[in-house]
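Student: Sharing a structure below in C-alpha cells format, with a few things to ask.
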Amino acid sequence: MIVRTVSMFRLVSLMCLCTLLLPAQASTRKVHELVLSGTYRDLAESGFSIMSLASGGGMGKVKPFYDLVADIGKLEKAGGEVLVDLSSPSLGLNGPQLVELARAFTSLRNAGVKTTAYLENASMSHYRVAVLCDRIFMADMGTMDFKAPSMNTMFFRGVMDLLGVQVQVTRCGDFKGAVEPFMLEKMSSHLKQHYLQLLRDMNDGVVSRISTRRQIDKKKVRDLQRQRLISASEARQARLVDEVVPWRGARQLISGDDVAFERVGKAKKKSGFSIMSLLSGGKKKADKKLEEPSYVVLHLQGAIEDGREASAGSIVSGPTVARVRKLMNDDLVEGVVVRVNSPGGSATASEAILLALRDLAKTKPVVVSMGNLAASGGYYISMIGCPILTERETITGSIGVFGLRPNLTEIAEAAGVHEEVVGLDETAAAMDSFFRPASEHELSRRQSLVNAVYTRFQDRILEVRKGLTREQLLKIAGGRVWSGARAKELGLVDAIGGLDDAIVRIEKKNGASLPVVHLPRPSGSPFGALGSLLGVMVRQAAPELELLGHAGFRLAEPIRILADALRHRGSFRVWMLAPAELSIRW
C-alpha cells in the first residue's frame, strides 16, 4: 500500500514537471467591435417616403436604436474589451439617444469593461459617442466638426407672394412658430430669442458631460465649439482625444496574433427564400403576440393624423386607438411605457389617442417616456395622469393651436381664371372656395373654433398637472417650446430620465422584473421591394429634393398642412403641431 502510494506520488510529480517544461498556451484576447453608422430611430421603419425626402431623411437604411442598446448591454457579461469604430462619415443619433448611450457605456464601465473609440472625420454626434469611452484615438488627417447646436428654417412668404398664393391663419399663442414661415419673411425677434435659450439649455448638458469626461474647463469647451473645425493634432493638444494615429482603420489600434475580433450585432445574411419573399412583397408584419407576462413599450412616432389605415412614419388615430385597446384587454400586459416621438398634428386625432391612453392607464401601470420630440399634440397625448420622463435634450411643450387655409386668388387672376360659386347662403359659397379671401364672419368662426381647442388643450393639462394653475400655464404656453430640462423646472414633466428609467418605475410599482416587448413591430413599404425600387427611381429622377432636405429646406410639414386643407376643403382643421424647424443640428 505504501509502495503504491509512493509510485502514484512520483507519477503526479512527473506530470507536473512536464507541464512546466511545455510551452505555455497563449490566451486569446477578445475584442468586441462595435461599428456605428447610419441613422438610428426608436422605431425603425423602412420603405420609400416622399415626406422623408422632403424632410431631409434621405433613402438610407434606418436602424433600430434599442437593438443597439441591447447589444451594448450584453457586453457587460461577455468579457473582453470593446472597440468602437466611428469611422463612418454618416451617423444619425439624436440628443436623447446619445444620453441613453451614455447610460449604457456607464454600465459597461461599472462592469469593468474597457472601451476604446476610433475617429476619422468626426461630427459632434461621433464625438459625443467617443467621449463615453475610456480612450479616444483619431486618425492623423481627420477633422473634427466640434459645433454647438443650431436649428434652421425656411420662410415661404416671399415665394408665396411671387406665386400669388396666400394663407389665412387663425391661431392661439404668439410663439406658434409653425405658422410664422407662412406669415412672415423672416423669424420674429422674440421667437428667435426663445429658440436661442432652448439651444443654450440643451448645449449646457453636453458641455458639462464633455468637461467631466475629458477634464477640460467648460469655458474651454465653449471656445472650442466657437472655433468649430479642429484638426486631429489640435484635438490632441486640447485633450479632446488621447492619441493621433495613422489612417489605417480601427482594428490597427489593437495588434497581436492573440487578438480575436467579434462584430457586435452583426446582421445575418438573408437566404434566397427571404430575398424572393421580399421581392414578392412578403407578409405584413403583425404585432408580436405575447406568450408570457411582459411589459410593453408602445412607440408613438411621427405626425398625428386622422384616419383608419396605418401609415409608416405616422401616428394614425384609428389603428393607434385599436392597438391601445388591445393592450388594455391583454392580461399578459403587466405595464406599458408610452414612448412619444411626435411633433403633434391633428387636434381631433390627438384627442382620440389621449382618451384611449387614459383608459389604458386606468387598468395597468403606465409611464410616459418622451424621446427626441414630444411637442404640441405630442405633449397633448402625454397628458394621461401618469409619470412623464424626459431627457434634458428632448423638445417638448409647444402648447398652442392654429388653423390654416390657402387663398389662391392672385394665382387664379394671373392665370385668367375666375370662379363663380352659387349657394343658398354666403357661408356656403365662401367657405368652400380657395379663390377668395375669408370673410369677417368666417375668420370669426375659425377663431372661435381655435380658441375652444386651445382651452381644451389647457384643460387637459390642468386635469393631470396638479401643480399648475391656469395663470401659470398661460405664461409658459402660447406655443413656446422648451427643452426637457427646462420643462422639468416649469412643472410640465415629472423627471429627467430615459426609457430604462421608465421601465424601472413600472417594475417598482409591480414588484417584478419581466421581459420587455417593443410595439408596434417595424413595418416596411406596403409594396415590399416595389416601394423601395420606386424610392430609388424618384431619388434618381429628383436628387435635388433629397439634397435640399439635407441642406435644411424642409417641406414635409407645409406640404402636409396644405394638402390636408385641399383634401378637406369643406371643413376647417385645427392643428396642434410644433414648428417644422425644431430639428436640432449638431
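Student: Could you check residue 341 against (1) in a strand (DSSP E or B); (2) touching a helix residue (DSSP H, G or I) at 6+ places or on another chain (Cβ under 7 Å); (3) not aliphatic (A, V, I, L, M) and say which number it fails?
Tutor: It is condition (2) that residue 341 fails.
Student: Could you figure out which of (1) closer than 23 Å to residue 106 by Cα; (2) surrounded by 11 or more Cβ atoms within 10 Å (Cβ to Cβ); (3) modelled with pLDDT of 95 or more isn't true of residue 215?
Tutor: Against the list (1) closer than 23 Å to residue 106 by Cα; (2) surrounded by 11 or more Cβ atoms within 10 Å (Cβ to Cβ); (3) modelled with pLDDT of 95 or more, residue 215 comes up short only on (2).
Student: Does segment 278-298 include one or more residues that are in contact with a Lys or Arg (Cβ under 8 Å, 6 or more places away or on another chain), modelled with pLDDT of 80 or more, surrounded by fewer than 16 Cβ atoms within 10 Å (Cβ to Cβ) and on the phi < 0 side of the Ramachandran plot?
Tutor: Taking every residue of segment 278-298 in turn, none turns out to be in contact with a Lys or Arg (Cβ under 8 Å, 6 or more places away or on another chain), modelled with pLDDT of 80 or more, surrounded by fewer than 16 Cβ atoms within 10 Å (Cβ to Cβ) and on the phi < 0 side of the Ramachandran plot.
Student: Turning to a different aspect of this structure: When the residues of segment 327-375 are filtered to those that are among the hydroxyl-bearing types (Ser, Thr, Tyr) and buried (at least 24 other Cβ atoms within 10 Å of the Cβ), which remaining residue is farthest from residue 512 (Cα to Cα)?
Tutor: In this case the residue turns out to be 346.
Student: Okay, next question. Given the conditions (1) at pLDDT 95 or above; (2) assigned to a strand (DSSP E or B), which single one is not true for residue 325?
Tutor: (2)
Student: Somewhere in segment 453-460, is a residue touching a Lys or Arg at 6+ places or on another chain (Cβ under 7 Å) and modelled with pLDDT of 90 or more?
Tutor: Yes, that holds for at least one residue.
Student: Mind checking which residues of segment 146-177 are part of a strand (DSSP E or B) and either small (Gly, Ala, Ser) or at pLDDT 80 or above (or both)?
Tutor: 146, 150, 170, 172
The values are calculated or read from the model by the stated rules, or taken from the named source; none is laboratory data. The shown structure was predicted, so the numbers you read here are calculated from the model rather than taken from an experiment. As a convention, Cβ positions derive from the backbone with ideal geometry for all residues, glycine included, and neighbour counts pool all protein chains shown.
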